[in-house]
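Only one structure is covered here, and it is reproduced in the block below.
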Amino acid sequence: MLVDVVFEDPRWEEAGLSALADAAAQAVIDHLQLTPPFGDGFEISLLACDDARIADLNRDFRDKPTPTNVLSWPSDERAAEDAGGDPLPPEDPELGDIAITYETCQREADEQGKEFSTHVSHLLVHGVLHLLGYDHIDDKDAALMEGLEVEILGKMNISNPYEE
């Protein structure tokens with residue numbers, strides 16, 4: 001597994017984002033028992049940015065000019081044909097791109113009383129699942145994706161992020 005991190009905000013380096021991203025991505029791949037095509041590892045590009053940058057990306061790609069915690073751009077369409085179904089397995093080692101913002105992640109962790117690294121790990125698992133075709137557009141897809149997140153995070157010794 002290769003997560004190539006581009007650090008636009010140096011606070012992410014201090015927070016150990018590379019190690020968190022590697023662990024989260026590998027946990028998803030292991031849990032889903034995915035085998036990289038062509039014998040190579042999977043690849044993800046991760047942009048470690050600030051709120052201003054992610055707000056620009058959110059505006060450009062989702063027409064929402066506000067910061068969000070994480071954005072994902074799969075390299076290929078992998079979504080399941082039926083709601084609540086499993087997505088298609090990747091046919092290319094390149095899974096796609098993720099962007100994550102420091103300020104929003106820190107604010108959310110503080111508001112939710114969570115450790116920053118725990119919250120970031122959850123968001124990275126969430127982002128990798130999006131790259132693999134999982135979504136939360138409708139209730140069946142959301143239940144599947146959230147269930148996977150809880151299972152994967154549990155294996156990482158992180159408690160259920162959806163419990164109060």
Next item on the list: Pull up all non-local amide H partners of Gly84: gap of 5 or more, or a different chain, and H-to-H distance under 5 Å with H placed in the peptide plane.
Entry: Asp141
Checklist line | Relative contact order of the chain, pairs being alpha-carbon contacts under 8 Å that are 6 or more residues apart, as % | finding: 25
Check: With no solvent and one point on each alpha carbon, what is the Debye value of log10 I(q)/I(0) for segment 62-137 at q = 0.21 Å⁻¹?
Finding: -0.96
Next item on the list: Rounded to whole Hz and in sequence order, give me ³J(HN,Hα) for segment 56-71 from the Karplus expression 6.51 cos²θ - 1.76 cosθ + 1.60, θ = phi - 60°, writing x for Gly and Pro.
Entry: 4, 5, 5, 5, 5, 9, 10, 6, 10, x, 10, x, 9, 6, 8, 10
Checklist line | Nitroxide proxy distance, nm - points 7 Å out along Cα→Cβ at Asp92 and Asp56 | finding: 2.5
Check: What does the charge add up to near Asp76, with Lys and Arg as +1, Asp and Glu as -1, over the other residues with Cβ less than 9 Å from its Cβ?
Finding: -3
Notebook entry, point to check: Can you list residues whose amide H is under 5 Å from Leu47's amide H, if they're 5+ apart or on another chain and H is modeled 1.01 Å from N?
Noted result: Val6, Ile98, Ala99, Ile100
Next item on the list: Would you mind working out the accessible area per residue for the chain, using a 1.4 Å probe, and quoting it in Å²?
Entry: 53
Next item on the list: Pull up the DSSP beta bridges for the chain and report the antiparallel fraction as a percent, rounded to 5.
Entry: 30
Next item on the list: Using the Karplus curve 6.51 cos²θ - 1.76 cosθ + 1.60 with θ = phi - 60°, work out ³J(HN,Hα) for each residue of segment 129-134 in order, rounded to whole Hz, and write x for Gly and Pro.
Entry: 4, 4, 4, 8, x, 7
Checklist line | In sequence order, calculated HN-Hα J values of segment 9-16 (Karplus, 6.51, -1.76, 1.60; Hz; x Gly/Pro) | finding: 10, x, 4, 5, 5, 5, 7, x
Margin query: Using protein chains only and a probe of 1.4 angstrom, how many square angstrom of Glu91 are accessible, to the nearest 10?
Written below: 140
Margin query: Normalised by the empirical 2.2 N^0.38 Å for globular proteins, what value does the Cα Rg of segment 10-55 take?
Written below: 1.43
Checklist line | Cα convex hull of the chain, projected area averaged across orientations, nm² | finding: 9.2
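The values are calculated or read from the model by the stated rules, or taken from the named source; none is laboratory data. All of these numbers come straight from a predicted model, not from anything done at the bench. Neighbour counts run over all protein chains shown; Cβ positions are idealised from the backbone, glycine included. In case anyone asks, the SASA skips ligands and DNA or RNA and just uses the protein heavy atoms, side chains included. Shrake-Rupley method; radii C 1.70, N 1.55, O 1.52, S 1.80 Å.
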